[in-house]
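All of the numbers you see were taken from the coordinates with simple rules; none came from a lab. Since this is a predicted model, take the numbers as computed values, not measurements. Virtual Cβ from ideal backbone geometry, glycine too; neighbours counted across all protein chains shown.
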Amino acid sequence: MRILIAEDDISQAESIKSWLELDGYVVDWVDRGDYAIAAIKQHDYDCILLDRGLPKSSGDQVLLTLRKHQSMTPVIMITARDSISDRVTGLDLGANDYLVKPFSLEELSARIRSHIRSMQQQVDSLLCWKNIELNTQDKWVKLSGELVELTAKEFKVLHKMMQNPERVVTREQLESTLYAWGDEIESNAIEVFIYQLRKKIGTNYIKTIRGLGYRMSE
């Protein structure tokens with residue numbers, strides 16, 4: 001895993017870098033904001049440690065640039081600014097966490113691990129098929145980056161099909177996903193949900209396999 005440290009205090013940066021390398025991370029270090037922006041454009045980092053008081057471009061500017069490009073990389077601000085308003089501002093800018101100097105290196109390691117775990121859980125909850133994204137944790141669907149409004153049952157149908165997009169999902173399997181034992185199921189319920197999904201995401205994404213069921217279209 002790769003971490004970027006953006007810190008202009010050489011002594012502190014070297015201390016953090018050595019500590020994190022002992023934890024097994026690959027660590028890059030820059031001492032200017034414009035260098036941090038360049039590094040972020042070149043590499044995918046698992047976590048970024050960002051000092052707010054960087055020269056050339058402040059940590060705030062670096063963070064705004066990162067979030068403007070819709071990067072979800074965890075950012076931990078490391079700074080001497082310790083007022084409540086400073087913390088609130090940093091978090092509102094898009095930071096995931098805020099550590100006030102001086103801080104414990106053990107605590108820093110724990111926070112990095114926590115944010116990387118959280119990020120991994122988000123990645124694990126994301127299903128993709130062509131230009132459709134479905135997030136099982138936050139319950140949203142995007143088509144070419146744009147949110148698509150689905151009902152709860154439409155979401156469940158699409159989720160079931162995207163779990164194994166190359167496999168045929170039978171009508172019975174979809175019904176068991178949507179309904180509990182004893183629920184009254186209309187004879188054309190699944191066809192209606194498929195029809196509504198096709199209206200919302202496009203007719204080319206779901207293929208009917210006659211006599212068998214449905215699958216995501218190749």
Legend entry - Count, lysine Cα pairs under 13 Å in the chain, 8 or more residues apart or across chains: 5
Inset, instruction - Take the eigenvalues of the Cα gyration tensor for the range 47-122, scale each by 5, and report the square roots as semi-axes in whole Å, largest first. - result: 18, 17, 10
Inset, instruction - Filter the GluC sites (Glu not before Pro) in the range 75-180 down to the DSSP loop ones having no more than 14 other Cβ atoms within 10 Å, then list what survives. - result: E149, E166
Legend entry - Calculated on alpha-carbon atoms, Rg and Dmax of the chain in Å: 23.1, 71
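Could you work out the helix-only [θ] at 222 nm for the chain, with each DSSP H run of four or more residues adding -39,500 (n - 2.57) and the total divided by the number of residues, to the nearest 500 deg cm²/dmol?
That comes out to -13500 deg cm²/dmol.
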Legend entry - Dipole of the chain, positive direction: furthest Cα of Q173, S109, N131, with charges on the beta-carbon: Q173
Legend entry - Karplus-derived HN-Hα couplings along the range 23-30 (A = 6.51, B = -1.76, C = 1.60, θ = phi - 60°), whole Hz, x at Gly and Pro: 6, x, 7, 8, 10, 9, 10, 10
